Each structure stands twice: as structure tokens, then as C-alpha cells.
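Peer 1: I'd like to ask some things about the structure below.
Just so you know, all these numbers are worked out from the coordinates, no wet-lab data involved. Nothing here was measured: the structure is a model prediction, and the numbers come from that model. Positions of Cβ are generated from backbone atoms using ideal geometry, with glycine treated the same way; all protein chains shown enter the neighbour counts.
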Amino acid sequence: MYTLIIAASVAVIISLAWGLSGLWGGFWLGSILGFILMITISALITRRITKRIEPALKQAQRQAEGQQAKLAIQTLEGLLPLAKWQVLLGSQLHSQIGSIQFATGDEAKAAESLEKSHARIGEAQIIRAVLHWRKKERDEAVAVLEDSVKHNKKNMMMQNFLAWMEQQRGQDERALARLQEALKAEKDDKITRENLMRVQNGKKISMKAFGMAWYGLKLEKVPGSMRQGQPAGGFRPGFRQPKRRR
């Protein structure tokens, strides 16, 4: 990433210059000053990039909510050149683009976009798992979420989805173990506790408590009582705003 390269390069130059100059503290103090400068430069560049992309992200969100998927994707793609300047920005943009493509039914392109997303972005990884699952690639679907859940232990929809997939594969014991593991992260989660009891009593895991976040994945039909007022695709992609540095 250009930001880190520039900040680190300046830091190294300052450290060496201070150390070679014979000033008080030598290389030891020069290294400290270089590190401080690296953090400062990185923060300033990141803040400037964030100010540039925030308006476009908000515009893309409005376009997606207004059922203007093509325009939203174009807006997000226009930000991709800036990904070289900010860590994980490219991953976030590809995640959002893939989510919109999935919502509009373009699953082939969605898969390509989501492959470029980071395991930390739970929403994107859930859709990736769905795409594998729908193609009968069960092991791949489980593997995607197993990797992502390491970074998203408190994402209860992901945790329950993993258990749901295991049960669908006839692995009730694994489903039970996954739900028990999920409760270590969120011991008071009502949905997970209820599903744990369901598995213990020989019943199927229920995902309906997650509402349209679940039904929008197109693995189960939306109940009639939930269809009114929903967008055509039943799924609205989430947008992650870059964190501001203070």
C-alpha cells in the first residue's frame, strides 16, 4: 500500500539522518522519531483518502437503496484506484460490489468480486458460502465460514449458519459443537440458545429469527408475512464506512 510505503520510507530516512548526524540519542532516538513520524504521516494520508471516498460511498448506498444497482456498482468501481492507498479498502469495495451483484442475481460476477474480499468482512463471506452451497460445493461453503468465523466470533448469524450447514449435511454432532462454541463468544444470545436446544431435541435449526438478513440469502423462501414492503431482491447490501482516525 502506497500509504505505508511512503510513511515507512520517510521514517527510515529520518532515522538514518538523525543517527548519522551525531545528534543526541543517535540511532536510538532517531528510530523513535522515525516511528512517530511514520504513524503521523500514515494517519494524515488515510484521513485525506477517507474524506475523498466517503461522499462516493454514501452516493453508492443511496443508489443501491434506490434499486439503481448498475450506478451503485459504477460508483464503487470508480473508487478502486484509491485502494492502493488504504489498507483493506479494495477488499471492502469488492465486498460491496459483490453484495449488490448477488442481490441482483448476477451470481457469477458476485463470486468473482467476493473472492477478493477479506475473511474479516463477515457479510461478504456469508454470501461466498451461500454461492458455494447453491452449487452443491458443501465442503467449500463450510471452509469459507470456518476461516471467517475466526475473525467474527460474535457474528451470531454466521455461527448459526455454520451449524445449519452442518446439520443439513447430516452432521448433528458438529452442529451442536458449533452452537456450543458460538455461546462461548455470546453466552446470552437467545437465538443460538434456542437452536442449541432444538438440535439437542432432534429438531431442525431455525434461522427465521434473523429475518430478511437470512431470507435474502435465497436459501429458504420468504414467509408471506415478511414479503410486504421488501425490495425486489429481498436483500439490501450493507455498506461499511471507513473508520475515521482521530
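Peer 1: If the chain between Lys116 and Ala213 were fully stretched, how many nm would it gain, using 0.36 nm times the residue separation less the Cα-Cα distance? Can you show the working numbers first?
Peer 2: Numbers: separation 97, 0.36 × 97 = 34.92 nm, distance 2.19 nm.
Roughly 32.7 nm would be gained on extension.
Peer 1: Separate question: Can you give the FRET efficiency to the nearest 0.05 for Arg169 and Ser21, using r as the Cβ-Cβ distance and R₀ = 41 Å? Let's see the in-between values first.
Peer 2: On the way: r = 66 Å, r/R0 = 1.61.
E(calc), rounded to 0.05, equals 0.05.
Peer 1: Need one word for the stretch 134-207: rounded, prolate or oblate. Basis is the Cα gyration tensor (sqrt eigenvalues a ≥ b ≥ c); a/c below 1.5 gives rounded, then a/b vs b/c decides. Mind showing how you got there, number by number?
Peer 2: Numbers: a/c = 2.07, a/b = 1.15, b/c = 1.80.
In terms of gyration-tensor shape, oblate.
Peer 1: If I model a spin label as a point 7 Å beyond the Cα along the Cα-Cβ vector, how far apart are those points for Leu44 and Gln68 in nm?
Peer 2: Taking the two extended label points, one gets 3.7 nm.
Peer 1: Shifting gears a bit: Calculate the dipole size of the stretch 115-194 relative to its Cα centre from +1 charges on Lys and Arg beta carbons and -1 charges on Asp and Glu beta carbons; express the result in debye to the nearest 20.
Peer 2: Working: 17 positive and 15 negative charges, 32 e Å.
Result for the stretch 115-194 is approximately 160 debye, rounded to the nearest 20.
Peer 1: Under the 0.36 nm per residue contour assumption, what length would be gained going from the current alpha-carbon distance of Ala108 and Glu140 to full extension?
Peer 2: Numbers: separation 32, 0.36 × 32 = 11.52 nm, distance 1.61 nm.
Going from the current span to full extension adds 9.9 nm.
Peer 1: So how much slack lies between Phe35 and Leu88, counting 0.36 nm per residue of separation and subtracting their Cα-Cα distance, in nm?
Peer 2: 16.9 nm
Peer 1: At Ala56 and Ser9, where each label point lies 7 Å from the Cα along Cα→Cβ, what is the point-to-point distance in nanometres?
Peer 2: Label at Ala56, label at Ser9, 2.2 nm between them.
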